[in-house]
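To start, the structure itself, in structure tokens.
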Amino acid sequence: MDAKVMLVDDEEMIRESVELFFESEGIKILTAASGDDCLDYLEEGFRGVILMDVMMPEMNGWDTIRKIVESDLYEGNIIVMLTALDSPDNKMDGIQEYVTDYLTKPFNPDELMEVLQYYFSLLNAVEPGDGQ
């Protein structure tokens, strides 16, 4: 699995538009329509930047992050919340240490790309086996 970005969002139009933008920039992206899809990709070995929507049916973004941590699937990933909410709500309590950034929709694609390039550099700086 060579994608470095996973977008987790229940809105098909958002998944498709972000995917088109990333592909135009030469970045492979996985899209997940739900928290369960996200967990499946992580179990299959995805490691990279996870752009996580907060408001999703069944399992919201916060619950998905809790499952990621409980399932020992967090290592090697950076989680960035990508949401329409202006600020985190109290459902983030207890998992804030696993959320690296919080970006609001609508977002500027160029700014998103700049943020991602920074996080890619952090992931690349951690050598496999470092235990980080």
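Every number in this text was worked out from the coordinates using simple rules, so none of it is lab data. Everything numeric in this text was worked out from a predicted model, so none of it was measured. Using ideal geometry, Cβ is built from the backbone for each residue, glycine included, and neighbour counts are taken over all protein chains shown.
Near the amide H of LEU103, within less than 5 Å, lie the amide hydrogens of MET81, LEU82, THR83, all on another chain or at least 5 residues away, with H placed in the peptide plane.
With the helix formula -39500 (n - 2.57) applied to DSSP H stretches of n ≥ 4, the chain reaches a computed 222 nm mean residue ellipticity of -11500 deg cm²/dmol.
Could you calculate the FRET efficiency of GLU11 with GLU44 from 1/(1 + (r/R0)^6), where r is the beta carbon distance between them and R0 is 35 Å, rounded to 0.05? Walk me through the intermediate numbers first.
Numbers: r = 23 Å, r/R0 = 0.66.
Approximately 0.90, to the nearest 0.05.
Normalised by 2.2 N^0.38 Å, where N is the number of residues, the alpha-carbon radius of gyration of region 5-124 equals 0.96. Take the Cα of PHE21, step 7 Å toward its Cβ, do the same at SER121, and the gap between the two points is 2.1 nm.
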